[in-house]
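Please read the structure below before turning to the comments.
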């Protein structure tokens, strides 16, 4: 991770910690613009968007996070919560099932070697 990205992500996390969600969202967006493959940026953006009730956008960011890291338990759990808030119960159950697989030590996507 570049020093610029690390500083920006740290600043966003600081904004989140003090409750400045709008500033955090803006900075997380800039993080993923700087590095579109930055999983932590997408996951944090999704969570911040969910906290600001921008559920459709949160789901989009959450889907990007699970695409980048398909075996991340927290990403699937968060995505399930976003779907529940949006009333998409079937999708929420699917995401929850993936989280359950991961919680039991399985994998959603097997490593290709």
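The values are calculated or read from the model by the stated rules, or taken from the named source; none is laboratory data. Predicted, not measured: the structure shown is a model, and the values here were computed from it. No Cβ is skipped: glycine too gets one built from the backbone with ideal geometry, and neighbour counts run over all protein chains shown.
Taken over segment 1-12, the criterion of being part of a helix (DSSP H, G or I) and within 19 Å of residue 64 (Cβ to Cβ) is satisfied by 5, 8, 9, 12.
Within segment 14-23, can one find any residue that is surrounded by fewer than 19 Cβ atoms within 10 Å (Cβ to Cβ) and under 14 Å from the mean Cα position of the chain (by Cα)? No, segment 14-23 contains no residue that is surrounded by fewer than 19 Cβ atoms within 10 Å (Cβ to Cβ) and under 14 Å from the mean Cα position of the chain (by Cα).
Of all residues in segment 82-105, count the ones that are closer than 19 Å to residue 25 by Cβ and either surrounded by 19 or more Cβ atoms within 10 Å (Cβ to Cβ) or touching a strand residue (DSSP E or B) at 6+ places or on another chain (Cβ under 6 Å) (or both).
Residues meeting the conditions: 1.
Is it the case that residue 79 is at pLDDT 95 or above, within 12 Å of residue 43 (Cα to Cα), surrounded by fewer than 16 Cβ atoms within 10 Å (Cβ to Cβ) and under 15 Å from the mean Cα position of the chain (by Cα)? Criteria not met by residue 79. Only a single item in (1) surrounded by 13 or more Cβ atoms within 10 Å (Cβ to Cβ); (2) part of a loop (DSSP other than H, G, I, E, B); (3) modelled with pLDDT of 95 or more is not met by residue 108, and it is number (3).
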